[in-house]
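The values are calculated or read from the model by the stated rules, or taken from the named source; none is laboratory data. Nothing here was measured: the structure is a model prediction, and the numbers come from that model. Every residue, glycine among them, receives a Cβ derived from its backbone with ideal geometry; neighbour counts consider all protein chains shown.
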């Protein structure tokens, strides 16, 4: 018997806080009380495939359990999808209703005719960030999503989680499910907020467990008074966790346990590392180390097999081998008894948790009439992990001032065509760009 | 050093589309309230690395995350020898 969101809420004492922000507080009991009412108000959503659209993490958390108590498929639609990808997603997952979620409530609209369905396990559909261009849509059931969630309600009563990921992303959903599995509260910051505001909220609400990307943690460390967040547990994920950052966090939050997690939307939660060191111990790569995950390294690339991975990928493909290991696309380096992450096979650049494909940026730069050729690559950066750098061959030789002017011209040209983190932070003008024997750009 | 950092600070602001330009910054000015976001800081550090061939944040044994403009300048002054 697979678990349902209603079962999870019913386990938790009603007087516990479920979610809160500066202006609102919702108890577990409030959700339990609303479930029947929601079903009565929206009977047409029962058993339907729904895509959830929102700009507010808090509103999504407020209405997610109600929608999940009736819907068959739940597509957590990320912001900024192109119309093309959106319709592809809707078609592949047979979406019948798109539900706009705002502070005041939910606004479902029918997008395709509904058809009678057989009884089936509820599916949760989560989009990847689109490392290879088009985002992939992966399908999970609640059990596989919650396999690593601890569900001790007694311990959970002392955990107060903070959310600083979007809830419709894999990492955010993991934090959310962990909080409700053990009946803990979740204090929700919004993506539009400045870090100092989020930090103040977390201090005010007594948040003691926080999961975020390394780039977010660096901003926390730069924020006055952030050491007043009384953290018992710090989790890092989504980017490579470098040793200096782990050390700085240890110093800043002396009484906190620090864990970095290896996970991906396709493979699910892989493993966590709790010893305070970057990378992971090389004995993780042996079949007996974990019961549910096995790892192997082939030609410096990490492969993972897990019973927590997505049950299905609705568009695109995941590369698996004959033994069902998934190619993670992560390059690793074995250093004595430690395995360290080096980067991505695809040359994809991870800018503060956002994956960037060099070719996409090159094609924009190359479309400028004064550019002959360009090469985009990632360079290590102390603040965002990596920063996008570009080398550009200009049609005309440029003087020093002209270079600066043309740099700003190219940045302006990229705006509107590329998200801010994709726009090269450093642009150098060069006379030639190296290519290998097959004529491909050498990126390093 | 302060002057160079200020110049690159404004350049980074321009790159992240912030129309602000600072004629001067006080040592006590809080970095995250200047309008420069994480991306802006990443760019600032990269621009300074281009100029000075130095990223002090990668050289630190004990990592320090500056909160004010004064702290930021002090880090560069300490490592640029």
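Tabulated data for the structure shown
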read-out: Residue check, residue B:47 at the interface with chain A (Cβ under 8 Å from one of its Cβ atoms), closer than 23 Å to residue B:80 by Cβ and either surrounded by fewer than 18 Cβ atoms within 10 Å (Cβ to Cβ) or free of Cβ contacts under 8 Å to residues at least 60 places away in the same chain (or both); value: yes
read-out: Extreme residue, surrounded by the most Cβ atoms within 10 Å (Cβ to Cβ), among residues of region A:375-401 that are within 14 Å of another protein chain (Cβ to nearest Cβ) and assigned to a loop (DSSP other than H, G, I, E, B); value: A:384
read-out: Filter pass, residue A:81 being surrounded by 14 or more Cβ atoms within 10 Å (Cβ to Cβ), in the same structural domain as residue A:106 (by TED's automatic domain parsing) and under 26 Å from residue A:190 (Cα atoms); value: yes
read-out: Unmet criterion (only one of (1) assigned to a strand (DSSP E or B); (2) at pLDDT below 95) for residue A:108; value: (2)
read-out: Within region A:375-418, tally of residues that are out of contact with any helix residue (DSSP H, G or I) (no Cβ under 9 Å at 6 or more places or on another chain), at pLDDT below 90 and within 25 Å of residue A:347 (Cβ to Cβ); value: 1
read-out: Given (1) over 18 Å from residue A:195 (Cα atoms); (2) part of a helix (DSSP H, G or I); (3) in contact with a strand residue (DSSP E or B) (Cβ under 9 Å, 6 or more places away or on another chain); (4) at pLDDT 90 or above, number of the condition residue B:58 does not satisfy; value: (4)
read-out: Filter result for the condition that a residue is at the interface with chain A (Cβ under 8 Å from one of its Cβ atoms) and farther than 23 Å from residue A:423 by Cα, over B:26, B:62; value: B:62
read-out: Where residue A:362 falls short, out of the listed (1) under 23 Å from the mean Cα position of the chain (by Cα); (2) outside any strand (DSSP E or B); (3) assigned by TED's automatic domain parsing to the domain that holds residue A:395; value: (1)
read-out: Whichever residue in region A:267-291 is crowded, with 22+ Cβ neighbours inside 10 Å and part of a loop (DSSP other than H, G, I, E, B) and, among such residues, is nearest to the other protein chains (Cβ to nearest Cβ); value: A:279
read-out: Tally of residues being more than 14 Å from chain B (Cβ to nearest Cβ) and assigned to a loop (DSSP other than H, G, I, E, B) across region A:342-352; value: 4
read-out: Selection within region B:2-12 - surrounded by 21 or more Cβ atoms within 10 Å (Cβ to Cβ) and either within 13 Å of chain A (Cβ to nearest Cβ) or touching a strand residue (DSSP E or B) at 6+ places or on another chain (Cβ under 6 Å) (or both); value: B:12
read-out: Tally of residues being in a helix (DSSP H, G or I) and in contact with a helix residue (DSSP H, G or I) (Cβ under 9 Å, 6 or more places away or on another chain) across region A:61-83; value: 8
read-out: Sole residue being under 35 Å from the mean Cα position of the chain (by Cα), without any contact (Cβ under 8 Å) to a residue 40 or more places away in the chain and on the phi > 0 side of the Ramachandran plot, chosen from A:378, A:385, A:416; value: A:416
read-out: Hits in region A:292-341 (condition: over 19 Å from the mean Cα position of the chain (by Cα), surrounded by 17 or more Cβ atoms within 10 Å (Cβ to Cβ) and part of a loop (DSSP other than H, G, I, E, B)); value: A:325
read-out: Which numbered condition residue B:18 misses (of (1) over 10 Å from the mean Cα position of the chain (by Cα); (2) facing chain A (nearest Cβ under 9 Å); (3) surrounded by 13 or more Cβ atoms within 10 Å (Cβ to Cβ); (4) part of a loop (DSSP other than H, G, I, E, B)); value: (2)
read-out: Residue A:215 being assigned to a helix (DSSP H, G or I) and in the same structural domain as residue A:291 (by TED's automatic domain parsing); value: yes
read-out: Check on residue A:260, more than 20 Å from the chain's Cα centre (by Cα) and either within 27 Å of residue A:155 (Cβ to Cβ) or away from chain B (no Cβ under 14 Å) (or both); value: no
read-out: Tally, over region A:233-257, of residues that are without any contact (Cβ under 8 Å) to a residue 24 or more places away in the chain and either more than 13 Å from chain B (Cβ to nearest Cβ) or crowded, with 21+ Cβ neighbours inside 10 Å (or both); value: 1
read-out: Residue check for residue B:39: surrounded by fewer than 21 Cβ atoms within 10 Å (Cβ to Cβ) and either within 12 Å of chain A (Cβ to nearest Cβ) or in contact (Cβ under 8 Å) with a residue 60 or more places away in the chain (or both); value: no
